[in-house]
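The values are calculated or read from the model by the stated rules, or taken from the named source; none is laboratory data. The shown structure was predicted, so the numbers you read here are calculated from the model rather than taken from an experiment. Cβ: placed from backbone, ideal geometry, glycine included. Neighbour counts: every protein chain shown. Only protein heavy atoms, including side chains, enter the accessible area calculation; ligands, DNA and RNA are left aside. Shrake-Rupley method; radii C 1.70, N 1.55, O 1.52, S 1.80 Å.
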Amino acid sequence: MCKAPIGYSNKITEDGKKYIKPIESDAKIIKWAFEKVAQGQYNVDQIFKEASKRGIRCCRANFWNLIHNPVYCGKIYLSGYKDEQPRHVPGLHDPIITEDLFYEVQDYLNGKKKIYRTQLGSTEIFQLRGFILCPQCGKILTASASKGRAIKYNHYHCHSSCGTRFKAEVANELFITELRKFTLRPGMEEVYKLLILEEYKQSTKDGKAEVKQIKEALEKANTELLNARRLLLTSDIDPYEYRTIKNEYEIKISKLESQLIKASTEVKNIEPLINKAITSLSNLDKVYEMANNEIKKDIIGSIYPEKLTFDGMHYRTTRLNEAVRLI
C-alpha cells in the first residue's frame, strides 16, 4: 500500500480492501490552509508557517504539493493509457475540501484569480479603528483612505479641527511591537503552566473532595444492596423485605450516580486548554498578524479594557486587563 497523503491515514476494511481516511486534526488545518490561500490575504509561505505551528508536519515543498493535490477534494489522477487521456476521476475516499475551493485555490496559484491583499481603503487595514484616542483632544480617531496621483494613502485621523493624523501602516506595525511586550519570555511557558495548574487545583479542591465522598457513598450503597441479596438467599429476610430494601437502594444509587456525573463534570482537566492558551500567548504578535479583523478586535478588546492613546510613536492606556498586567 502506498503511503497516504498528508492528512490521511491508510486503512483496511474487514474484507481486505484498502482505503484512506482523513485524520480529523490534520484535516481541519488543511481545510483552513486551502481557505486562507483562496482568500489571498497572505502568501503561501506565511500560510505554510502558520499551518506548521498548528500541527501539520511537512516541508515547504510538500506543502506546495499538498495545495496542488486534487485528492483533497475527493479526486485521484489517472495517467493516460493507449488512447485515453490523463484525467482526474472521483475517488472512493472522503474529501477534506470542496471541488469549488480546490479549483479556486488553483486559479489563485496559476495567477488566474486576481487577489487584492489588504486593499487600500478597505476595512482590513484599519484594524485599530474605534480603539485609538486622539492625543490632542481625546476623541476617538476614525480612519479613511485619501487618493494621491498614483496611490492611496491610509490614515487614522481625528474628526475635529486639531488635525491629528497618523499613517495606518505605521500605527499598525507599532501596535504589533506593543503586543510583543506581552509575549512570554523563553523558558517561562512551563512556569506559567505550573502556576495556573496549581491555582486551579486549589480552587477545585472542594469539588474533588465532593467527588470522593459521593464515590464512597455509592460504593457503600452498592455493598449494602449486595448484603441484602445475600440475606435473601440465606432466608434471613423474606422476598417482600428484599424488594422494599432493593427499591430504596436503587433510588439512592440512581441519585448518587447523577450527583457523581455532575460533580465530575465540574472538575475538568484544563491542561490541554492551558497548553493552547500559553502557546497563543507565546506567539501573541504572530497570532494577531495572521488573524482576520474580527479576531484582531477580540484580541485588542481582551487586553485593553479602555481605549488606547497613540502619539505617533507610542501607545498608552489608563488600564490593562489584570491578567495581562501581571504578565
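Things worth noting here:
- Nonlocal amide H pairs with residue 153, under 5 Å, H built at 1.01 Å: 146, 147, 148
- Phi angles of the stretch 211-221 translate, via the Karplus equation with coefficients 6.51, -1.76, 1.60 and θ = phi - 60°, into HN-Hα couplings of 4, 4, 5, 5, 4, 5, 5, 5, 5, 5, 5 Hz per residue; Gly and Pro are given as x.
- Per residue, the average separation of C-alpha pairs within less than 8 Å and at least 6 apart gives the stretch 20-109 a relative contact order of 33 percent.
- Heavy-atom surface analysis with a 1.4 Å probe gives the chain a carbon and sulfur content of 52 percent of its accessible area.
- 3J(HN,Hα) along the stretch 144-153, derived from phi through the Karplus expression 6.51 cos²θ - 1.76 cosθ + 1.60 where θ = phi - 60°, amounts to 6, 10, 10, 8, x, 5, 10, 10, 9, 10 Hz, with x in place of Gly and Pro.
- Between 0 and 90°, nearest 10: helix 293-303 axis offset from the chain longest Cα axis: 70
- Using C-alpha pairs below 8 Å separated by at least 6 residues, the relative contact order for the stretch 182-327 is 30 percent.
- Per residue accessible area in Å² of the chain, where ligands, DNA and RNA are left out and the probe is 1.4 Å: 65
- For the chain, averaging the sequence separation of C-alpha pairs within contact (under 8 Å, six or more residues apart) and dividing by the residue count gives a relative contact order of 13 percent.
- Compared with the dominant principal axis of the Cα atoms in the chain, helix 24-39 is inclined by about 20°.
- MRE, 222 nm, helices only [DSSP H, n ≥ 4, -39500 (n - 2.57), over the chain, to nearest 500]: -16500 deg cm²/dmol
- Qualifying GluC sites (Glu not before Pro) in the stretch 1-108, where qualification requires a DSSP coil assignment and no more than 16 other C-beta atoms within 10 Å, comprise 14, 84.
- Listed pairs 21/53; 53/152; 193/286 exceeding 26 Å between Cα atoms: 53/152
- Between 0 and 90°, nearest 10: helix 271-282 axis offset from the chain longest Cα axis: 10
- Multiplying the residue separation of residue 124 and residue 174 by 0.36 nm and removing their Cα-Cα distance gives an extension gain of 16.3 nm.
- Relative packing of 304-311, 130-137, which averages over residues the other C-beta atoms within 10 Å, highest first: 130-137, 304-311
- Partner aspartates and glutamates for residue 139 [C-alpha distance under 14 Å; skip if fewer than 8 residues away on the same chain]: 306, 311
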